[in-house]
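Peer 1: Pasting in a structure now, in structure tokens, and then I'll have a few things to ask.
The values are calculated or read from the model by the stated rules, or taken from the named source; none is laboratory data. Not measured: the values here are computed from a predicted model. All Cβ positions, even for glycine, are placed from backbone atoms using ideal geometry, and neighbour counts span all protein chains on display.
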Amino acid sequence: MGFLSSNRSGTTGRFLYSSRIGILIAAIGLAMMGFGICRGEMAAVMEKAINICLECIGIG
């Protein structure tokens with residue numbers, strides 16, 4: 001019985017830990033996106049995306 005109860009708490013602990021890691025990674029990603037937008041990288045990415053789309057359909 002002792003083994004089963006410790007296994008359950010270990011699984012819960014890992015779930016909470018992995019959830020916190022996911023939130024941390026998402027927050028870091030959002031911060032990096034904000035930094036890129038402030039630097040004006042969004043316009044460069046959009047221009048490249050438009051060029052790729054136009055090349056794919058044969059216009060550009």
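Peer 1: Pairs under 9 Å by beta carbon, first residue surrounded by 10 or more Cβ atoms within 10 Å (Cβ to Cβ) in region 46-60, partner assigned to a helix (DSSP H, G or I), six or more apart or different chains?
Peer 2: Short answer, once both residue conditions are applied: GLY60/ILE50; GLY60/ASN51; GLY60/ILE52; GLY60/CYS53; GLY60/LEU54.
Residue-wise test of (1) of a type in the set (Phe, Trp, Tyr); (2) at pLDDT below 90.
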residue	(1), (2)
PHE3	yes, yes
PHE15	yes, yes
ARG20	no, yes
ALA27	no, no
ALA44	no, no
ALA49	no, no
ILE59	no, yes
